[in-house]
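Take a look at the structure below.
The values are calculated or read from the model by the stated rules, or taken from the named source; none is laboratory data. Only a predicted model underlies this, so the values are computations on that prediction, with no experimental measurement involved. When we count neighbours, we look across all protein chains shown, and the Cβ atoms used for this are built from the backbone with ideal geometry, even at glycine.
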Amino acid sequence: MLYALTRRGAIELVVSDSGGDPARVAAAERARVETDRWLERESILPSLTGVEHQLFEASSGTWPTEAIADAMWRKESLGVLLWALEHLAELPVYGQEFEQQALDEGITRYGSVSSFREEGRLRPPEQIDAAWIEADAWFGVTDGRTGDDATVASISAERFRALSWLRDRDAAPA
């Protein structure tokens, strides 16, 4: 679901940046239909929150800017989870975002959800703990920063969130 959210957010950003170009909206609508089919096929729809249902059901090009921004930052959480499952070799340095293309490759290279699940191997706890300690330090230093530091603050907050999920798998996501 997180991948579907970040992918749709990236598409919504392209449509928004194009000023609603009809060709971009049409391409986005095709991608939206494909995503809807995937959510249905993988039985993910029942787990969506009310807000997520609204976003996924919305026509292409209609997401509010805040939803697009949130989806774009969630790709940092997705990247951390892909790294933790060894679908990505490393985490980008702080201040550098995960590239959408790398996330797409980390997910789609297996060809199916079942193959993706089979190939994932959770990294050893000491690697996750070391990454969490680094994320915690960056989050503590950058929390509430604005201007040029806002990007690093957002990256560290999302990475800290995802690594915290991994360390306490029984906790509900924030």
Q) Of all residues in segment 150-174, which are farther than 17 Å from Met72 by Cα and either modelled with pLDDT under 90 or not small (Gly, Ala, Ser) (or both)? A) Leu163, Trp165, Leu166, Arg167, Asp168, Arg169, Asp170, Ala171, Ala172, Pro173
Q: Could you pull out the residue among Ala27, Ala69, Ala10 that is more than 25 Å from Glu158 (Cα to Cα) and either surrounded by 12 or more Cβ atoms within 10 Å (Cβ to Cβ) or over 19 Å from the mean Cα position of the chain (by Cα) (or both)?
A: Ala27
(Q) Anything in segment 28-52 that is over 19 Å from Thr108 (Cα atoms) and free of Cβ contacts under 8 Å to residues at least 12 places away in the same chain? List them, or say none. (A) Leu45, Pro46, Thr49, Gly50, Val51
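Over 22 Å from Glu42 (Cα atoms) and surrounded by 17 or more Cβ atoms within 10 Å (Cβ to Cβ), is that true of Ile155?
Yes; evaluated as a whole, the condition is true for this residue.
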Q.
Criterion first (at negative phi, at pLDDT below 90 and either of a type in the set (Lys, Arg) or surrounded by 18 or more Cβ atoms within 10 Å (Cβ to Cβ) (or both)) does Arg117 satisfy it?
A. yes
Q. If you check Ser16 against the conditions, is it farther than 30 Å from Glu118 by Cβ, part of a loop (DSSP other than H, G, I, E, B), hydroxyl-bearing (Ser, Thr, Tyr) and not assigned by TED's automatic domain parsing to the domain that holds Asp104?
A. no
**Q.** Failed item, numbered, when Ser43 is tested on (1) in a helix (DSSP H, G or I); (2) of a type in the set (Ser, Thr, Tyr); (3) closer than 30 Å to Arg167 by Cβ
**A.** (1)
Q: Scan segment 128-150 for residues that are of a type in the set (S, T, N, Q) and either within 25 Å of Glu86 (Cα to Cα) or surrounded by 18 or more Cβ atoms within 10 Å (Cβ to Cβ) (or both) and jot them down.
A: Thr142
Q: Assess whether Arg145 counts as being at pLDDT 90 or above, in contact with a helix residue (DSSP H, G or I) (Cβ under 6 Å, 6 or more places away or on another chain) and in a loop (DSSP other than H, G, I, E, B).
A: no
(Q) Among the listed residues Gln96, Gln54, identify the single one that is outside any loop (DSSP other than H, G, I, E, B), surrounded by fewer than 19 Cβ atoms within 10 Å (Cβ to Cβ) and either at pLDDT 90 or above or assigned by TED's automatic domain parsing to the domain that holds Asp148 (or both). (A) Gln54
Q: Any chance you could count how many residues in segment 61-110 are at positive phi and acidic (Asp, Glu)?
A: 1
